[in-house]
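Please read the structure below before turning to the comments.
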Amino acid sequence: MEFGLSEEQKAIQETARRFAVEKLLPDYQKREKTGVIDRDLMREMGSLGLLGCDLPEEFGGLGTDFVTAGLVIEQIAYGDFNLSYLQLLASLLGGIVADFATPELKQEYVPKVIGGELILSLGLTEPRGGSDAAHLICKAEDKGDHFIVNGEKTSISFSEQSEMMILMARTNPDETGAHGVTGILVPLDLEGVSRTAFDDIGTKIVGRGQVFFDNVKVPKKFQLGEAGSGFTQIMTGFDYSRALIGLQCLGAAQASVDESWQYVQEREAFGQPIAKFQGVSFPLAEAETYLSAMRTLCQRTLWLRDNGLPHTSEAAMCKWWVPKTCTEIIHQCLLTAGHYGYTTDLPHQQRLRDVMGLQIGDGTAQIQKMIIAREKIGRVALQY
């Protein structure tokens, strides 16, 4: 594995860094109060190549490798954890559309995702069990030239703001497992679609909620790939998104650590900067160590993907370890600021609330550890 970055990667990383520090970071907390994504900022991200940079050039992407997409999401999350979700979903879901949609749908929708004109959401989780993703209840009945969709999806990011959803629905009523699930690209302005929002403690401008389908007629042309292949499409994508999620959380934690280093040099106690006290500086030194190790793990996972090598276990490691550790690091930064850290004046509390959610979303720590055990010793590690 090559640890250095190419000149192209450095240039894209610097573009993302400058945008994050100059445009996003100053108003990170202010944007939380709006409750919605700033579409102008989203389009600006698109114009700079910061959405789906790994998607094909024929659709307006930069055609970069996966490592570069990771560099971008870390920098965006440094400035605003919530806006980094746009890059995450552009790469994950935009990639599924680019790979499996009809040529006409690819040309119509992928450029809009890359340009910041369209938000895609993922319709996978259902009320009966988020982690039991193979046994979905939501049904799409095949009527020849269209589907009739009925069911409910829950815990959906951008539940009220997304224009389209990659819906995982059961199209084969005789198959109860993964083989009966098909991916369908669903416009969310169709008749019979309704949505609600949860009152979450974090990621408020992303928004999470429920999407209901009541006899929704979806033209057959919106089917993604072969019937019954939806579960494989999204599970393969999760090996990618889990590494990106790690870097997303890492970017936010790095911002809090950088701010804490500055604070401990300026804050004085007993006549000297508190940075001189090892009880203050050592936790930050430990945080830098963990951040460096986690960054290496996430980037190596993306490097494995770039080189067509297995990376399911590594992706699961990224997903359970990095959000948990970054939450702990941000918490320590909040404590380092003392009473001031406990106010809403500083951004640590918002990052803590924002990052914490990814200890749950996209697969809990328990599920990730099961995946790692399965990859190590096979299905004997799984209980039924």
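FYI, it's all coordinate maths here, none of it is from the lab. Since we're looking at a predicted model, the values are computed, not measured. In this analysis, Cβ positions are derived from the backbone assuming ideal geometry, glycine residues included, and neighbour counts consider all displayed protein chains.
Each of 164, 334, 55 was scored by the projection of its Cα onto the charge dipole of the chain, and the greatest displacement toward the positive side belongs to 334; charges sit on the C-beta of Lys, Arg, Asp and Glu.
Counting only cysteine Cβ atoms and a cutoff under 4.7 Å, the chain contains unmatched residues 53, 138, 298, 318, 333. Under the convention that each Lys and Arg Cβ holds +1 and each Asp and Glu Cβ holds -1, the size of the dipole of the stretch 7-118 around its Cα centre is about 440 debye.
Summarising the strand pairing of the stretch 121-228, around 85 percent of its internal DSSP beta bridges are antiparallel. Global size of the stretch 121-228: 13.3, 44 Å for Rg and Dmax (C-alpha atoms, Rg to one decimal, Dmax whole). Selection among 178, 210, 129 by position relative to the dipole of the stretch 109-221 gives 178 as farthest towards the positive end (Cβ unit charges, Cα centre). Within the shell of other residues whose beta carbon sits under 15 angstrom from the beta carbon of residue 264, the net charge comes to -4, with Lys and Arg scored +1 and Asp and Glu -1. Between residue 143 and residue 268, the simple spin-label model (points 7 angstrom out along Cα→Cβ) gives 7.5 nm.
What spacing in nm lies between the two simple spin-label points modelled at residue 117 and residue 14, each 7 Å away from Cα in the Cβ direction? In this crude spin-label approximation the distance works out to 3.1 nm. For the stretch 266-384, the normalised intensity computed at q = 0.15, 0.21, 0.23 Å⁻¹ comes to -0.80, -1.17, -1.28 (log10 of I(q)/I(0), Debye sum over alpha carbons, equal scatterers, no solvent).
The Cβ shell under 13 Å around residue 159 holds other residues with a net charge of -1, Lys and Arg each +1, Asp and Glu each -1. Distance between the modelled labels on residue 57 and residue 380, one decimal in nanometres: 5.0 nm (7 Å Cα→Cβ projection). If R0 is 30 Å, the Cβ-Cβ spacing of residue 258 and residue 306 corresponds to a FRET efficiency of close to 0.60.
Please give the calculated 222 nm ellipticity per residue for the chain, where each DSSP H segment of at least 4 residues contributes -39500 (n - 2.57) and the sum is spread over every residue; nearest 500 deg cm²/dmol?
Numbers: 12 runs with 187 residues, N = 384.
Taken over the chain, the calculation gives -16000 deg cm²/dmol.
Peptides 238-251, 18-31 ranked from most to least packed by the mean count of surrounding Cβ atoms within 10 Å: 238-251, 18-31. Only Lys, Arg, Asp and Glu carry charge here, each on its Cβ (+1 for the first two, -1 for the last two); on that basis the stretch 121-228 has a dipole of about 100 debye about its Cα centre.
Largest GNM mean-square fluctuation across 70, 180, 94, computed for the chain with C-alpha springs under 10 Å, falls on 180. Given +1 at the Cβ of Lys and Arg, -1 at the Cβ of Asp and Glu and no other charges, the dipole of the chain around its Cα centre is 800 debye to the nearest 20.
Per the Debye calculation on the chain with a single equal scatterer at every Cα and no solvent contribution, log₁₀ I(q)/I(0) for q = 0.08, 0.12 Å⁻¹ amounts to -0.41, -0.91.
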